[in-house]
Amino acid sequence: MSSLDFEDELISSARRSLLSASMAADEPSERRRLAGLAGHTGNAQAARDHLVDPDPPVRMAALRSLERLGDLTETQLETALADADHRVRIAGLEIAATRSAPPILHLLDDSRSSVAESAAWALGERLPWVPGTIERLSIMATNHDDPLARESAVAALGALGDDAGLPAILHATTDKPAVRRRAVISLSAFEGPEVDAAWQRARTDHDRQVREAAEELLGPE
């Protein structure tokens, strides 16, 4: 092979490598990998670039990378909480739970019950809570169509431990088994005759997990 042929082969090989890399970067899985990798290599700019990626999991990875790097701004988080894809909103709530801003109370009304459920959990992690939190969580705990959302709201009310949330928790002791169990656990933050009565009812609940939750808190009779 002549030197010219060898040079042509090197050039062709380099072009194929570039083309392969370009095609790989066009794959959502590869962009997701790069967005996630940015959080471990200190490449905040790469993570920021992926925040506007058309693929939701890529945006989620970029969001988490910026949070890992301590470079996620409140504005960027607020944008994620308003994302068109519910998975990105949930990822945003996971981060927002550790911050006092931006506001997340409105996400209790999200059209996706999984987002509302995550919002309730996040509100239970935020201290101090903003005015209206206990009232809104109480409404969700008693009225939401999805039992998972009701359960999450009951857990949040228990975590916050405000007396204003007790009526909703007591109401939840008559809900579906998983919600009843969560209510029994949440009652541990409260005292009073109505709480004692609810625990005693839980001891004889027809669902084994509810009974076990009461026994774990109260001990055997």
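Just a few scattered comments:
- The set of residues in segment 46-66 being in contact with a helix residue (DSSP H, G or I) (Cβ under 6 Å, 6 or more places away or on another chain), under 15 Å from Asp83 (Cβ atoms) and part of a helix (DSSP H, G or I) consists of His50, Pro56, Pro57, Val58, Arg59, Met60, Ala61, Ala62, Leu63, Leu66.
- Pair list, Cβ < 8 Å and 6+ apart or interchain, from segment 123-134 residues that are modelled with pLDDT under 95 to residues that are crowded, with 19+ Cβ neighbours inside 10 Å and part of a loop (DSSP other than H, G, I, E, B): Arg126/Ile104
- Of the residues making up segment 122-140, just one is within 15 Å of the chain's Cα centre (by Cα) and surrounded by fewer than 18 Cβ atoms within 10 Å (Cβ to Cβ), namely Glu125.
- Residue pairs meeting the criteria (Cβ under 7 Å; at least 6 apart or on separate chains; first in the same structural domain as Leu66 (by TED's automatic domain parsing) and assigned to a helix (DSSP H, G or I), in segment 28-45; second exposed (fewer than 13 other Cβ atoms within 10 Å of the Cβ) and among the hydrophobic types (A, V, I, L, M, F, W, C)): Arg31/Ala25
- Residues in segment 141-179 that are of a type in the set (Lys, Arg) and surrounded by fewer than 24 Cβ atoms within 10 Å (Cβ to Cβ): 1 in all.
- Filtering segment 94-128 to residues that are under 19 Å from Asp71 (Cβ atoms) and either in contact with a Lys or Arg (Cβ under 9 Å, 6 or more places away or on another chain) or in a helix (DSSP H, G or I) (or both) leaves Glu94, Ile95, Ala96, Ala97, Thr98, Arg99, Ser100.
- Residue within segment 80-87 that is loosely packed, with under 15 Cβ neighbours inside 10 Å and either closer than 22 Å to Gly165 by Cβ or not basic (Lys, Arg) (or both) present: yes
The values are calculated or read from the model by the stated rules, or taken from the named source; none is laboratory data. Just so it is clear, the model here is predicted, and its values are computed rather than measured. As a convention, Cβ positions derive from the backbone with ideal geometry for all residues, glycine included, and neighbour counts pool all protein chains shown.
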